[in-house]
Amino acid sequence: CLRISLAKRADNPGHIKILTLGGGPSREWLELESEMDDMSLNGRTELTYLDYDAEAVTFSEKRLKNNRLIGSLRLCCESVLNFARSEDWDDKKYSYDLIYAIGIADYFPDSILGEILARAVSLLENNGQLIIAHKDEKSFCFSALDWFCDWTFYRRDQDHFTQVLDTAISQIGGKISYRVERDETGEFMFFIVTRAK
């Protein structure tokens with residue numbers, strides 16, 4: 001989803017402003033750099049990377065600073081909860097063409113996830129997109145992760161996540177639409193939210 005969304009913006013002039021929430025080791029940017037042959041994207045991405053883990057931020061800084069797609073990099077070592085609640089992330093200060101969160105939604109209860117979704121959608125430029133992934137409780141095997149990793153997930157199916165999303169975007173102005181795509185296993189849902197102001 002991320003590669004397709006980025007490729008669609010290649011024809012637009014200027015920089016592409018992207019925010020990643022819970023960026024982790026930034027593996028997707030290594031993959032994007034090797035998969036995307038379109039040289040017109042070189043150096044056009046203004047990436048804001050947010051993660052609470054200082055080691056992840058340091059690791060990603062080294063990984064991202066020489067990525068040919070990224071022209072400028074802003075690193076934020078803070079929590080996603082702070083992102084949702086802090087006035088520092090006011091939409092008058094920041095706006096993005098694309099925001100994505102691949103591995104965070106399962107860790108938050110509905111109320112907090114709703115805050116995160118509302119904040120992210122509020123920061124989208126006209127025709128900007130939010131891509132957020134979530135494991136589908138009806139098809140994903142959680143027991144292995146619960147047992148091996150001692151991780152506890154908030155489990156949701158598509159209808160449940162849709163309810164959380166609908167509540168979150170009801171607070172935001174403009175025309176907002178979304179669709180759901182899945183990976184080849186069907187276990188992972190990708191909610192792709194588009195905002196037209």
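In the range 106-124, the residues that are in contact (Cβ under 8 Å) with a residue 12 or more places away in the chain reach residues that are assigned to a helix (DSSP H, G or I) and among the β-branched types (V, I, T) with C-beta atoms within less than 6 angstrom, at least six apart or across chains, in these pairs: D110/V164; L113/V164; G114/V164; G114/T167; I116/V80; V121/I169. Would you say S111 is loosely packed, with under 14 Cβ neighbours inside 10 Å and of a type in the set (G, A, S)? It is true that S111 is loosely packed, with under 14 Cβ neighbours inside 10 Å and of a type in the set (G, A, S).
The single condition among (1) modelled with pLDDT of 85 or more; (2) out of contact with any helix residue (DSSP H, G or I) (no Cβ under 9 Å at 6 or more places or on another chain) that R27 does not meet is (2). Looking only at the range 30-59, count every residue that is modelled with pLDDT of 90 or more and either of a type outside the set (S, T, N, Q) or surrounded by fewer than 18 Cβ atoms within 10 Å (Cβ to Cβ) (or both) and tell me the total. Residues meeting the conditions: 13. Of the residues in the range 136-150, at least one is assigned to a strand (DSSP E or B) and modelled with pLDDT under 90. Look at (1) free of Cβ contacts under 8 Å to residues at least 24 places away in the same chain; (2) closer than 23 Å to I104 by Cβ and you find that N66 fails only one, number (2). Under the condition of being in contact with a Leu (Cβ under 9 Å, 6 or more places away or on another chain) and open to solvent by less than 10 Å² (accessible area, probe 1.4 Å), the residues counted in the range 115-133 number 10.
The values are calculated or read from the model by the stated rules, or taken from the named source; none is laboratory data. Predicted model only: the values in this text are computed from it and were never measured. Every residue, glycine among them, receives a Cβ derived from its backbone with ideal geometry; neighbour counts consider all protein chains shown. Only protein heavy atoms, including side chains, enter the accessible area calculation; ligands, DNA and RNA are left aside. Shrake-Rupley method; radii C 1.70, N 1.55, O 1.52, S 1.80 Å.
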